[in-house]
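J.: I have a structure I would like to understand better, so I am pasting it below and will then ask my questions one at a time.
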Amino acid sequence: MSHEMTLDAHAHHPSGIRRWIETTNHKDIGAMYLIFGLTMLMTGGAMALAIRAELFQPGLQLMQPEFYNQLITLHGLIMVFGFAMPVATGLANYMLPMVLGAPDMALPRLNNWGFWILPPAAVMLVLPFVLGIFGIGSGAVDTGWTMYAPLSIQSGWGMDFAIFAVHMLGVSSILGSINVIVTILNMRAPGMTLMKMPLFAHGFLVTAILLITIMPVLAGGVTMVLLDRHFGTHFFNAAGGGDPVLWQHIFWFMGHPEVYVLLLPIAGAVPHVISAFSRKPSYGYKAQVYAMWAIGVLAVVVWAHHMFTSGMSTGAQLYFMYSTMLISLPLAVLFFCWIATLWRGSLSFETPMLFAVGFIVLFGWGGLTGLVLADAAADPQYHNGYFLVAHFHYALYPTTALGSMAAIYYWLPKWTGHMIDERLGRLHFWIAIVGFNLTFIPQFLVGLAGMPRRIPDYPLIFAQWNMLSSIGAFVLGFSHLIFLYNVVKCVRGGKKAESRAWEGATGLEWTLPSPAPYHSFQVQPVIE
Ligand code: CU1
């Protein structure tokens, strides 16, 4: 403490906006990541609502197909790179030093730089879209978030902006990952071995290693696109001896592990929430750790299940089918551990617990429908239709939104010193659940009936389900406004939070049953 004070006496204290621009404090940077991520959630969400408004009826009412293509592309890129990853990085910044017993992240200035690359990248991505609305230029990138060649080679200059944005987003997440890894490996409290480290930290460690593995590959890929576009190379041009399918391999080598980049931080955070509201330590600590590492390893060897419809030898189809299905084993281990934590617990369902359970149930549906798509024989029926769209929204919304909201609601009292408005939190939860299911259950059905994705029009026969889906989307969008209001309200004031904010938070949520307590299904373990 005295050491800190001597340092402070010599440090300069910028105020106003400079306080935020120059900050190296992990909580400040964590808060900025969260604010940035939630701003992008609203931006990407507004685009989703524009898409659903167009799809409310068959026919073209509000926009031309070119504009629709920009919307679906930006919605995808913004939600993955602008919302989901920054929110997870925000949680890591805020909580990692605390769960490790470290004074800050290991590399505070790198941390600052990593964050401040993000806003210019977001501007880079969205600027051509805004200019396009005013008739300047050809609009934003319109290839779909997968940026498949040869479309991405021929697309307008929005694509160049997207390439530079992807480079910056990649640099940002690599810097963040380096910081997470260095912090975890070097700054744990004395005696905290890796196998005694909270699950939260394991989730982020696997994620960070995955990101450092995959983001440079994507950066190399989009650089090859840039070279093909402007410097006469033919990496993806069959006429010049290249191969457009090469792009698909490069993209999905990043794209599939990305799903686990979005899942694993939540898989690390949620056990702490369900443990607190079950009044039990997390069940199966070691099993969960090994499962997360198994997911991390398998994640990088299954990417071509996204390419069954691109043409592939039978042997390769079988390999990618079985390896993909293999991931459901460690995932099932995580599910069983979460459920076993709940089992015979003294449960209560405050807002964070509702969101955690909502995540488990709905993500289960994402996983099960993923098994359908992993089947190389079934996939061609569903791959280019709405079944796939519904599947990945069931995989990603529960994790990135419900899961991170569980964590945010859970830790807001710790961050702000105030309790959240419990009634508003529960209202948010139930409206979000109704809105989400109303949006995406119809998409499973029209998908099975053959409605293609990425097209702004559809046959009359799909009209009713699409109308319901659009109504659901607006309900879901509204629920997020309640969330924002609740967060702002909590930051500005409210009932004072005790040091143990939640009645359930007895400290057990940080306790590791390693070795597992005897018969933890039957008895409440005694932790001294
Ligand atoms: Cu995948």
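Please treat every number below as a calculation from the coordinates, not as lab data. Quick caveat, the model's predicted, so the values are computed rather than measured. No Cβ is skipped: glycine too gets one built from the backbone with ideal geometry, and neighbour counts run over all protein chains shown.
J.: For segment 202-262, what is the convex hull volume of its Cα atoms per residue in Å³?
T.: 63 Å³
J.: Which angle from 0 to 90°, rounded to the nearest 10, does the C-alpha axis of helix 328-342 make with the longest principal axis of the chain?
T.: That helix lies at roughly 40 degrees to the long axis.
J.: Additional query: Put one equal scatterer on each alpha carbon of segment 299-382, apply the Debye formula with no solvent term, and list log10 I(q)/I(0) at q = 0.14, 0.22, 0.25 1/Å to two decimals.
T.: Log10 I(q)/I(0), no solvent term: -0.59, -1.00, -1.18.
J.: Using a 10 Å cut-off on Cβ atoms, rank the peptides 409-422, 205-218 from the highest mean neighbour count down.
T.: Averaged packing, sorted descending, gives the order 205-218, 409-422.
J.: Next question. Where does the Debye-calculated log10 I(q)/I(0) of segment 27-153 sit at q = 0.10 Å⁻¹, using only Cα point scatterers of equal weight, no solvent?
T.: Debye output, listed in q order: -0.40.
J.: Here is a follow-up. So how much slack lies between Tyr290 and Phe134, counting 0.36 nm per residue of separation and subtracting their Cα-Cα distance, in nm?
T.: The Tyr290-Phe134 span can extend by a further 50.9 nm.
J.: Give me the distance between the Cα centres of segment 52-79 and segment 430-491, rounded to whole Å.
T.: Using only Cα atoms, the two centres lie 14 Å from each other.
J.: How big is the chain in terms of Cα radius of gyration and Dmax, in angstroms?
T.: Rg then Dmax for the chain, in Å: 23.1, 73.
J.: Once the Cβ-Cβ distance between Leu326 and Phe392 is put in as r, and R0 is 30 Å, what FRET efficiency do you end up with, to the nearest 0.05?
T.: 0.95
J.: Right, next: Using every pair of alpha-carbon atoms in segment 315-442, split the distances into 10 Å bins beginning at 0 and state the percent of pairs per bin, rounded to integers.
T.: The distribution over segment 315-442 is 12, 35, 31, 16, 6, 1, given as percents.
J.: Per 0.36 nm of contour for each residue apart, how much would the distance between Gln61 and Met98 grow if the chain were fully extended, relative to their Cα-Cα spacing?
T.: The span from Gln61 to Met98 would gain 8.2 nm if fully extended.
J.: Moving on to the next point. Tell me what the chain gives for mean residue ellipticity at 222 nm when only DSSP H runs of n ≥ 4 count, each as -39,500 (n - 2.57), the sum divided by the residue total, rounded to 500 deg cm²/dmol.
T.: It lands at -22500 deg cm²/dmol.
J.: Give me, ordered by chain and number, the residues 5 or more places off Asn237 or on other chains with an amide H under 5 Å from its own placed amide H.
T.: Distant-sequence amide H within range of Asn237: Gly242, Asp243.
J.: Hey, what's the Cα Rg ratio for segment 364-415 versus the globular rule of thumb, 2.2 N^0.38 Å?
T.: Dividing the Cα Rg of segment 364-415 by 2.2 N^0.38 Å gives 1.53.
J.: Residue separation times 0.36 nm, minus the C-alpha to C-alpha distance between Ile441 and His13: what's the value?
T.: Result: 148.8 nm gained on full extension.
J.: How many nm is it between the label spots at Arg500 and Ile339, if each spot is 7 Å from the Cα in line with the beta carbon?
T.: 3.0 nm
J.: Once you place label points 7 Å from the Cα toward the Cβ at Val491 and Ser346, how far apart are they in nm?
T.: 3.6 nm
J.: For an R0 of 22 angstrom, estimate the FRET efficiency from the Cβ-Cβ distance between His234 and Thr146 and round to the nearest 0.05.
T.: 0.60
J.: Moving to a separate point now. Specify the inter-centroid distance of segment 249-314 and segment 345-418, based on alpha-carbon positions, in whole Å.
T.: 12 Å
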